[in-house]
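Working notes for the structure below.
Every read-out reported here was derived from the displayed coordinates using simple, explicitly stated rules and does not represent laboratory data. Please read these numbers as outputs of a predicted model, since none were measured by experiment. Here the Cβ positions follow ideal geometry from the backbone for every residue, glycine too, while neighbour counts run over all protein chains shown.
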């Protein structure tokens, strides 16, 4: 196995980070790794269930099939950072997930179908919990430069001399101009 | 040799704010040999420190002091503490502006006469005509290097413009081009030409765009007659027993309160802070605030009837590349009441980067319907609508009843209700914009609601009679001879055009008047 070919999970394993099951203590926090190997995050405040649920909540709020879970996990890491600084945020997020888990019988929200997950989110869309997660997504997801290239947005241009020689007027498909 | 004036020097003209109005007035007066101190609330951020990053730039340069909102405008719902998207830095909102420089139309100085009585609208003719302003417009266009004037070639069209123009042509519009832009299409006045960077809103990193930071202020400073003091927020205008202005109280960069004496004070803090300052300067002599015998200070707040139309197409556009607003359709700008509303509107290219598109395309929206639009970002084109809105007495900037800023002064509340005429115009403009994009094969079109206001106008309006407004045709307050207003808050009505050129024009004219009156010892 070449190092280049490793996924994040394999990298973490060979780097000496214990990945027993899905979570392992790392320093003062917890390293949480997606069972499918799509992402890993270091948690300081949120519990495992809250964090893994929030990754899916984030995708349901702003679903982009072209984006892997790693970008949504990054947003949850941002929320965890806020929870570590402010206990109220941690409680808001944990309580929010707990209330989602009660939306259909005894089935955890994570285990609901797509449609029922969306119905449950629709019910709470005006709550502080939902708006906190959505607000974090607006900057945490769409202001992540690693995300931009998936949308064809090129970011800063001044350091490349602007677009004067790089396609500011390269549209080729209009017939009238 | 940059000037430095003493706090006790009562011979200086003090200007509050360094944007299009204050920065221009400061340079114009300094060129005439008049001693000027500009007090700017924000820091001095030079061109090299501007960043091509929407959120970072927003945090770096925006006016983010807390404000509250009320009224039925959508901004109050979407951005309750951010009524305006303006700048707190030396250069003011000329750092953020897009550069569109259009003269007002003749009828827009005579709206009461032209439109007649419109229920709920507090219309008034300007005490000025287009003919009065034409020589000053010419000076402003030359100063700012406006394309399409003074033999200056227009900018080349970017991708977003080409979509707009192709649609305009198919719809049958006649007047569309890359605009009259205060952005150099060729090197001029010591500044280079546009490099098609994009990010015009985040501060031009090549210096091609005119701003008071890049053009007026350095020229004024070079005379040795202009001192700009950044991080100096004016808290109160002071006066003597006779009611004459004597100076200003301000908080300096260390938070210490200072008094700068003055022969004359010109207020140019944009249409939210300027009336707030007058209202916060209430005294036993002026219990309703300074220069407010008319009761009009803070009233008739206008923000233009705005909105955006975005559309996506089968193939890529990459609208964000190049000059943000170099593209305009002017056919809907004239007054044509047959459309169901008075006044007119301009359609101008506009683009946002992905981060701001996510925040502004449909504020609050979520789910696949929304994200499927962002998925087509690369194929999007966009335009901004800017039209004349109706002045209403109840649309106003007032002092918050309980919330105070860090200096203990009431924060401003911005109340705005859309007038029926505004809604009818916006609806018409959305349809026109949609038709333009449909004509070139739009797959989906979005009616995007207004962003926080960049065009803030009218809260210290100009009027022939003292009972109808705050200032006269020179921006001099009716109540106090040595107190002037020098920003867009002077506007009697808003017109359909982007306001900066007219603010600069009025500042040039005001400088002539101030110099004349000072020469005659009238003030």
For this session: Mind checking the full-extension length gain between residue B:256 and residue B:407? Use 0.36 nm per residue of separation minus the Cα-Cα distance, one decimal, nm.
Result: 53.3 nm
For this session: Quickly rank B:376-384, B:427-435 as a protection proxy: mean count of other C-beta atoms within 10 Å, highest first.
Result: B:376-384, B:427-435
For this session: For a footprinting-style exposure proxy, rank B:204, A:58 by other Cβ within 10 Å, fewest first.
Result: A:58, B:204
For this session: Pop a pseudo-label 7 angstrom from the Cα along the beta-carbon direction at both residue B:6 and residue B:44 and give the gap in nm to one decimal.
Result: 2.3 nm
Exercise. Using r as the Cβ-Cβ distance of residue B:59 and residue B:170, and R0 as 51 Å, what FRET efficiency do you calculate, to the nearest 0.05?
Worked result: 0.80
Problem set entry | Protection-proxy order for peptides A:116-123, B:342-349, A:75-82, each taking the mean of Cβ atoms within 10 Å per residue, highest first | B:342-349, A:75-82, A:116-123
Problem set entry | Residues in region A:127-169 reached by a label modelled at residue A:85 [backbone nitrogen below 20 Å; 7 Å Cα→Cβ] | A:128-145
Exercise. When the helices in the protein assembly as shown are scored as -39500 (n - 2.57) per DSSP H run of 4 or longer and the sum is shared across all residues, what 222 nm value do you end up with, to the nearest 500 deg cm²/dmol?
Worked result: -9000 deg cm²/dmol
Seminar exercise, completed: Checked region A:29-147 against the a/c 1.5 cut and the a/b vs b/c comparison, axes a ≥ b ≥ c from its Cα gyration tensor; verdict rounded
Exercise. Under the Kirkwood approximation applied to all pairs of distinct alpha-carbon atoms, what is the hydrodynamic radius of region B:1-113 in Å?
Worked result: 17.0 Å
For this session: Give me a single rounded figure for A:133-142: the average over its residues of other chain Cβ atoms within 10 Å of their Cβ.
Result: 3
Seminar exercise, completed: PRE zone check, label point 7 Å out along Cα-to-Cβ of residue A:146, amide N under 11 Å, scope region A:63-84, hits A:68-75
Problem set entry | Contour excess over end-to-end distance, with Cα ends at residue B:516 and residue B:240 and 0.36 nm allotted per residue | 97.0 nm
For this session: Over the alpha-carbon set of region A:96-177, work out the extent along each principal axis and list the three values in angstrom, largest first.
Result: 60, 32, 21
Exercise. Gap in Å between the Cα centre of region B:322-383 and the Cα centre of region B:496-512?
Worked result: 26 Å
Seminar exercise, completed: Shape descriptors of the protein assembly as shown over alpha-carbon atoms, Rg and Dmax in angstrom, are 26.9, 89
Seminar exercise, completed: Note to self: C-alpha centroids of region B:190-240 and region B:1-57 sit apart, in Å, by 7 Å
Exercise. If the chain between residue B:288 and residue B:129 were fully stretched, how many nm would it gain, using 0.36 nm times the residue separation less the Cα-Cα distance?
Worked result: 54.2 nm
Exercise. Is region B:404-481 rounded, prolate or oblate when judged by the Cα gyration tensor, a ≥ b ≥ c being the square roots of its eigenvalues, rounded requiring a/c under 1.5 and prolate requiring a/b larger than b/c?
Worked result: prolate
Problem set entry | For region A:29-147: relative contact order, % (alpha-carbon pairs under 8 angstrom, 6 or more apart) | 25 percent
Exercise. Within 10 Å of each Cβ of A:147-153, how many other protein chain Cβ atoms are there on average?
Worked result: 6
For this session: With a Förster radius of 45 Å, plug the Cβ-Cβ distance of residue A:110 and residue B:77 into 1/(1 + (r/R0)^6) and report the FRET value to the nearest 0.05.
Result: 0.90
Exercise. For the residues B:374, B:29, what sequence is obtained by ranking on other C-beta atoms within 10 Å, fewest first?
Worked result: B:374, B:29
Problem set entry | Relative packing of peptides B:314-326, B:246-258 - highest average C-beta neighbours within 10 Å first | B:314-326, B:246-258
Exercise. With contacts defined as alpha carbon pairs under 8 Å and 6 or more residues apart, what's the relative contact order of region B:159-232 in percent?
Worked result: 19 percent
Exercise. Residue B:444 to residue B:119: FRET efficiency via 1/(1 + (r/R0)^6), r the Cβ-Cβ distance, R0 35 Å, to the nearest 0.05?
Worked result: 0.40
For this session: Work out the mean other chain Cβ neighbour count within 10 Å for the residues of B:364-377 and drop it here as an integer.
Result: 5
Exercise. For chain B, what is the relative contact order in percent, using Cα pairs closer than 8 Å and at least 6 residues apart in sequence?
Worked result: 24 percent
For this session: Just the number, please: Stokes-Einstein D of chain B in µm²/s, Kirkwood Rh from C-alpha pairs, 37 °C, 0.692 mPa s.
Result: 143 µm²/s
For this session: Please pull out the direction-averaged projected area of region B:136-225, using the convex hull of its alpha-carbon atoms, in nm² to one decimal place.
Result: 7.1 nm²
